[in-house]
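The values are calculated or read from the model by the stated rules, or taken from the named source; none is laboratory data. None of these values were measured; they are calculated from a predicted model. Reconstructed Cβ throughout: ideal geometry from the backbone, glycine too, with neighbour counts over all protein chains shown.
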Amino acid sequence: MKNRKLRMGMIGGGSDAFIGAIHRRAALMENGIDLVCGCFSIKPEISLSSGREYFVPDDRIYFTWQEMLEKEAAMPADKRIDFVTIVTPNKFHCEPALKALDAGFNVVIDKPMTYSLEEALLLRDKVKETGLTLALTHVYSAYPAIKEMKKRIARGDIGKVRRVFVEYSQGWLTQRIELKGGNNAVWRNDPKAAGKGGCIGDIGTHAWHLTEYVTGAKVIEVCADLLHVADGRPLDDDACAFMRYDQGFTGLLQATQIATGEENNIRLRVYGEKAGMEWRQMEPNTLWVKWIDRPAEYVRMGNGYASLTDFTKWNTRIPGGHPEGFIEAFANIYRNFALTVRAKASNETPTEEMLDFPTVEDGVRGMQFIETMVRAGYDKDQKWHKWVEK
């Protein structure tokens, strides 16, 4: 693997999908991965047309993911894929991932990791059994400014953490556009495809994951409220939670998809004994540090800035003033995952920087978050709910 690109196969991600295009562009950004095969849609004609659009040979464009895994596993080692990327609705994450791991393929999977907690536990067991690598694309944890925030908190810059606020506001589901069909809202608002959580599974998991990633703490208790604001919507489209963490601080989470006029507004604030820190996804290259005894510090991302941690520089590609955003953050996950796969294949120990991507453990905790939020959000008789652990 050291002297060649990794070979990627894709399940889902046809030309009629949104997130598949993001994954493809991100995976190919570092020139270390090639897309060589795929089952790009459950519709054969879309899978075929998409594969041809992506310059995949006809004999490696598949019409079922089962056929793809079977035929790829039977190929000689110098031709078959090294890993599978799964970018399908939640209902169709677990089984292909399990079969891919059984076939000897590493896995990248979009979040939330599975349809249910039970499936997540099966997947965790399979990763442990095979010793292969699974990456989960909690993309916002891969922004350079978030890396900087994490390292500064860890080295004690803001002192002991006291409170976390995280907000994720969208407005695209203000109306029931899923009833019109032909859009990404259809399966996201279908419990049979998405699972128990709507907004809380789609974007709430991102918000929760950011808080645990940057602080290094874990949620242990939740007080929540889930709402169905758009009349008749079967899954939640608005959520709030008050959370307690194992390091003794508290956090407030807001996730909503009915905030009219909002695009993709994520705001993360962490307050400690000495200072506070703030990051907004709409201005991704900026990290604010707010001191108790001096003016606020405006920290900018970009290669060449000596004050940034080495961890941040590892995940930064271009000079300051050239914003790195959504696709570049995805690319950080793919790059680190690919380097980890290469190192393990060579019997080498991956570095801390290589291993910096969400794993199957994050996926299990994500499903535990959804389960806990749903249980707490609809239980009006009990205020606090312990985190679901299995």
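Of the conditions (1) free of Cβ contacts under 8 Å to residues at least 40 places away in the same chain; (2) part of a helix (DSSP H, G or I), residue 242 fails just one. Which one is it?
All conditions are met except number (2).
Quick grid of which residues meet (1) among the polar types (S, T, N, Q); (2) in contact with a Lys or Arg (Cβ under 6 Å, 6 or more places away or on another chain); (3) surrounded by 15 or more Cβ atoms within 10 Å (Cβ to Cβ):
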| residue | (1), (2), (3) |
| --- | --- |
| 161 | no, no, yes |
| 171 | no, no, yes |
| 174 | yes, no, yes |
| 183 | yes, no, no |
| 188 | no, no, yes |
| 197 | no, no, yes |
| 203 | no, no, yes |
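For residue 207, work out the one condition from (1) modelled with pLDDT under 95; (2) assigned to a helix (DSSP H, G or I) it doesn't fulfil.
All conditions pass for residue 207, except number (1).
For (1) in contact with a Leu (Cβ under 7 Å, 6 or more places away or on another chain); (2) of a type in the set (Phe, Trp, Tyr); (3) modelled with pLDDT of 95 or more; (4) buried (at least 16 other Cβ atoms within 10 Å of the Cβ), each residue gets a yes or a no:
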position: 4; (1), (2), (3), (4): no, no, no, no
position: 11; (1), (2), (3), (4): no, no, yes, yes
position: 15; (1), (2), (3), (4): no, no, no, yes
position: 59; (1), (2), (3), (4): no, no, yes, no
position: 72; (1), (2), (3), (4): no, no, yes, yes
position: 83; (1), (2), (3), (4): yes, yes, yes, yes
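Might you check whether a residue that is outside any loop (DSSP other than H, G, I, E, B), in contact (Cβ under 8 Å) with a residue 40 or more places away in the chain and surrounded by fewer than 17 Cβ atoms within 10 Å (Cβ to Cβ) occurs anywhere in segment 269-285?
The answer is no, given that none of the residues of segment 269-285 is outside any loop (DSSP other than H, G, I, E, B), in contact (Cβ under 8 Å) with a residue 40 or more places away in the chain and surrounded by fewer than 17 Cβ atoms within 10 Å (Cβ to Cβ).
Only one of these conditions is not met by residue 286: (1) outside the structural domain of residue 115 (by TED's automatic domain parsing); (2) of a type in the set (S, T, N, Q); (3) under 28 Å from residue 109 (Cβ atoms). Which number is it?
Answer for residue 286: the failing condition is (3).
Looking at (1) closer than 30 Å to residue 231 by Cα; (2) small (Gly, Ala, Ser); (3) exposed (fewer than 15 other Cβ atoms within 10 Å of the Cβ), which one does residue 321 not meet, given that it meets all the others?
Every listed condition holds for residue 321 apart from (1).
Within segment 215-236, is there a residue that is touching a helix residue (DSSP H, G or I) at 6+ places or on another chain (Cβ under 8 Å), in contact (Cβ under 8 Å) with a residue 24 or more places away in the chain and either among the polar types (S, T, N, Q) or assigned to a helix (DSSP H, G or I) (or both)?
The answer is yes; a qualifying residue exists.
When residues of segment 336-348 are filtered for being in contact (Cβ under 8 Å) with a residue 60 or more places away in the chain and either more than 21 Å from residue 312 (Cα to Cα) or not assigned by TED's automatic domain parsing to the domain that holds residue 104 (or both), how many remain?
5
Of everything in segment 136-159 that's in contact with a Ser or Thr (Cβ under 7 Å, 6 or more places away or on another chain) and of a type in the set (A, V, I, L, M, F, W, C), which residue is surrounded by the fewest Cβ atoms within 10 Å (Cβ to Cβ)?
Per the criteria, the residue is 153.
Please state which one of 372, 351 is among the hydroxyl-bearing types (Ser, Thr, Tyr) and either surrounded by 21 or more Cβ atoms within 10 Å (Cβ to Cβ) or touching a residue at least 24 places away in the same chain (Cβ under 8 Å) (or both).
After applying the criteria, what remains is 372.
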